[in-house]
């Protein structure tokens, strides 16, 4: 079974915690930016600016943008 491999479990748990932290950051960012600026468009620009480098450079690592 794959979960008996300690290295895989460590990688999987680390990846899960990292993804959870990313999601919490995006939630907190939207919770802060919209009330502070009153503009959902500014939040959209911020999200696009954060995603653009990952989208443009993901081909170098062979990964898919998350």
*How far is helix 40-61 tilted off the main Cα axis of the chain, in degrees rounded to 10, range 0 to 90?*
30
*asked:* Using only DSSP helix segments of four residues or longer, with each worth -39500 (n - 2.57), what per-residue ellipticity at 222 nm results for the chain after dividing by its residue count and rounding to 500?
replied: -29000 deg cm²/dmol
*Just the C-alpha atoms of the stretch 2-61: what Rg/Rh do they give, with Rh taken as the Kirkwood radius?*
1.17
*Counting other C-beta atoms within 10 Å, which of 59, 12 has the fewest, and how do the rest follow?*
59, 12
*What is the fewest-to-most order of 60, 1 by other Cβ atoms lying within 10 Å of their Cβ?*
1, 60
*Calculate how steeply helix 6-37 sits against the longest principal axis of the alpha-carbon atoms of the chain, using the helix alpha-carbon long axis, and give the answer as 0 to 90 degrees to the nearest 10.*
10
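The numbers here are math on the coordinates, done by the rules we state, and not lab data. Only a predicted model underlies this, so the values are computations on that prediction, with no experimental measurement involved. Neighbour counts run over all protein chains shown; Cβ positions are idealised from the backbone, glycine included.
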